[in-house]
1. Would you mind working out the magnitude of the charge dipole of the range 132-243 relative to its Cα centre, with +1 at each Lys and Arg C-beta and -1 at each Asp and Glu C-beta, to the nearest 20 Debye?
2. Given only helices, namely DSSP H runs of n ≥ 4 each adding -39500 (n - 2.57), what is the per-residue ellipticity at 222 nm of the chain, to the nearest 500 deg cm²/dmol?
3. Restricting attention to the range 168-203, which chymotrypsin sites (Phe, Trp or Tyr not before Pro) occupy a DSSP loop and are surrounded by at most 16 other Cβ atoms within 10 Å?
4. Based only on other Cβ atoms within 10 Å, what is the fewest-to-most ordering of Asp95, Asp165, Asp9?
5. Enumerate the amide H contacts of Ile75 below 5 Å, restricted to partners 5 or more residues apart or on another chain; note that Pro and chain-start residues carry no placed amide H.
6. Placing unit charges on C-beta atoms (Lys and Arg positive, Asp and Glu negative, everything else neutral), compute the dipole magnitude of the range 2-114 about its Cα centre in debye, rounded to 20.
7. With springs connecting C-alpha atoms under 10 Å apart, model the chain as a Gaussian network and identify which of Arg74, Arg105, Arg128 has the largest mean-square fluctuation.
8. Using Cα pairs under 8 angstrom and six or more residues apart, how large is the relative contact order of the chain, in percent?
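Derivation of every value follows stated rules applied to the coordinates shown; laboratory data play no part. Computed from a predicted structure; not experimentally measured. Cβ atoms come from the backbone with ideal geometry, glycine included; neighbour counts cover every protein chain shown.
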Amino acid sequence: MTRALIIDDEAPARADLRAMLAAHPEIKLVGEAATVKSARTLLAHTPCELVFLDIALIGGSGFDLVPCVRPDARIIFVTAHNEHALRAFEVNALDYLLKPVKAGRLAAALARIARPAPAAEPATPALRSDDIVHLHSAGQARFAPVADLCVIEAQENYSLVHLADRTSFLVRRTLKTWEEILPAAQFLRVHRTGIVNLARVTGYRRDASRALTLQVQHVAEPVAVGRLFWPELKTRLPGAAAGE
């Protein structure tokens with residue numbers, strides 16, 4: 001039996017989904033919420049394995065609630081047609097339902113989430129600079145605009161993502177994969193262990209040994225630049241070529 005929550009600020013939408021779920025006895029509805037505030041309380045106190053999460057909610061966005069969902073629970077997003085939201089789901093291989101929800105589409109979504117989650121990171125299409133990326137690890141998850149990724153550091157088969165809000169997020173994605181999917185006009189590998197968002201670079205310096213580092217907005221530690229990466233980097237930084 002899969003315990004499920006419905007979080008949606010529209011009472012008719014909740015009623016429709018509740019009625020359709022009655023055709024799926026393997027799903028047990030254990031709670032509903034209509035606002036971000038009540039949803040946080042519900043998620044904190046109600047064990048569940050599945051959450052139907054609306055995007056537009058009273059008091060905020062469904063995206064704001066993603067960190068509140070238990071790590072082992074699956075999410076099916078529910079949304080009215082919105083191109084930007086749909087793009088976020090599609091590029092991150094997440095399931096979603098468009099309102100008004102159709103019984104057949106609900107059944108397909110339930111069949112999909114019933115399958116075990118893949119052990120490896122699923123393939124991700126190339127990202128655009130205006131996309132939203134889903135960051136998730138064993139104990140946490142959130143959405144972040146691609147533009148808010150400041151620095152990405154290699155951590156063996158993982159990577160540590162430094163965000164514009166000064167938080168860091170460890171995800172199971174290699175630096176090579178990030179390099180393949182991030183927009184090349186905005187992001188550049190500057191070291192075998194690091195990728196930077198060029199729009200967030202505020203300066204660079206050399207120490208006495210001529211080792212080069214970058215200063216990046218909202219990231220406390222300077223980012224090392226590898227000697228082999230400097231020729232391309234200096235053509236992408238305003239004034240760098242003239243300063244050499």
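1. That gives the range 132-243 a dipole magnitude of about 260 debye.
2. So the helix-based figure for the chain works out to -7000 deg cm²/dmol.
3. none
4. Ascending Cβ contact count within 10 Å gives the list Asp165, Asp95, Asp9.
5. HN-HN under 5 Å from Ile75: Val51.
6. Dipole size: approximately 180 debye.
7. Of the options given, Arg105 has the highest mean-square fluctuation.
8. 11 percent
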